[in-house]
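Below is one structure, written out as structure tokens; comments come after it.
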Amino acid sequence: MLNILACCVAALLIAGEVARFGGSARFIPMALDELAVAALLLWAAWRSRRDGAIWHLVGWGAFCGLSLVLLVETADHQMHGPAKAAGPAYLVILSAMFGLGAGAIGRALRLCRVHSGQQ
């Protein structure tokens, strides 16, 4: 299930960045962070069958870091200006992303413990 979730989230990250910056000269610098996180999530899904869930910790940790940075930046704009028109929606979406990532990290930690024989 974690592999499917990682692939779906990676696809959404890639699609979102292509839709937002595709065809723009700013694509590479602006989309690089999301594309790197998407690559880590895809790597985790691919390697987990061989290496266990350890790569999911890396991928989902990066995803949480990215979503938390974006959440804090958006909250700062909403609180101190200039406020974005879609800011409240972004805050809800970014909070959900962070929660999803934190849940995936928890699941990956449980899988790592089971794999290592700890409980």
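None of the figures in this text is laboratory data; all of them are computed from the coordinates on show. Given the structure is predicted, the values throughout are model-derived calculations rather than measurements. All Cβ positions, even for glycine, are placed from backbone atoms using ideal geometry, and neighbour counts span all protein chains on display.
Observations on the structure shown:
- Ranking of R26, R113 by neighbouring Cβ atoms within 10 Å, starting from the fewest: R26, R113.
- Across region 2-116, the mean sequence separation of Cα contacts (distance under 8 Å, 6 or more residues apart), normalised by length, yields a relative contact order of 27 percent.
- Region 2-116 shape via C-alpha gyration tensor axes, a/c threshold 1.5: oblate
- Per residue, the chain reaches -30500 deg cm²/dmol at 222 nm when only DSSP H runs of four or more residues are counted, each adding -39500 (n - 2.57).
- Check: the chain dipole with +1 on Lys, Arg Cβ and -1 on Asp, Glu Cβ, in debye: 420 debye
- Folded to 0 to 90 degrees: helix 87-116 orientation relative to the chain principal axis, Cα: 10 degrees
- Distance between the modelled labels on H115 and K84, one decimal in nanometres: 3.4 nm (7 Å Cα→Cβ projection).
- With Cα atoms, 0 to 90° folded angle of helix 27-51 axis to the chain main axis: 10 degrees
- Between 0 and 90°, nearest 10: helix 54-80 axis offset from the chain longest Cα axis: 20 degrees
- Sorted by Cβ density within 10 Å, fewest first, the residues F98, F27, F63: F27, F98, F63
- Relative exposure of V92, V9, judged by other C-beta atoms within 10 Å (fewest first): V92, V9
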